[in-house]
Amino acid sequence: MTLDQIAIGQEAIITQVGGEGELRCRFLDMGLIPKTKVCIRKVAPMGDPIEIQLRGYELTIRKEDAQKIEVKCERKQ
C-alpha cells in the first residue's frame, strides 16, 4: 500500500521510500524514512496535494510523490 491510498485521519508506518537520486534523498531529508509513523491530515479538494503529519510537523506532498512511499497501516484501538 502506498501513502496516497491512506484515508484521512488514518495512521501508518513507512516501510519503504522509493524514488531515484535526488528525489529519494529529498524524501529522506524531509523525515520520510522507514519506521516513521505518519498520519494523513488533509487532502486537497481535487485530491492533490496531501498533507501528512510526521515527527511533530505537517508536510504537504504531491500525490505523485506519495505514490512512491510504501506504508503499512496501523490499527486504531
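The values are calculated or read from the model by the stated rules, or taken from the named source; none is laboratory data. Because the structure is predicted, anything quoted here is derived from the model rather than measured. Glycine gets a Cβ as well: all are built from the backbone with ideal geometry, and neighbour counts include every protein chain shown. The accessibility values were calculated without ligands, DNA or RNA, using every heavy atom of the protein model including side chains. Shrake-Rupley method; radii C 1.70, N 1.55, O 1.52, S 1.80 Å.
A few comments on the model shown:
- Residue selected from the stretch 2-39 under the condition in contact with a Ser or Thr (Cβ under 9 Å, 6 or more places away or on another chain) and assigned to a loop (DSSP other than H, G, I, E, B), by the criterion modelled with the lowest pLDDT: Gly18
- Within the stretch 38-61, considering residues that are open to solvent by 50 Å² or more (accessible area, probe 1.4 Å) and in contact with an Asp or Glu (Cβ under 6 Å, 6 or more places away or on another chain), the one nearest to Gln10 (Cα to Cα): Arg41
- For the stretch 9-27, the tally of residues that are touching a Lys or Arg at 6+ places or on another chain (Cβ under 7 Å) and either open to solvent by 50 Å² or more (accessible area, probe 1.4 Å) or among the small types (Gly, Ala, Ser) (or both) stands at 5.
- Screening Pro49, Pro45 for residues that are over 13 Å from Thr2 (Cβ atoms) and at pLDDT 90 or above leaves exactly one candidate, Pro49.
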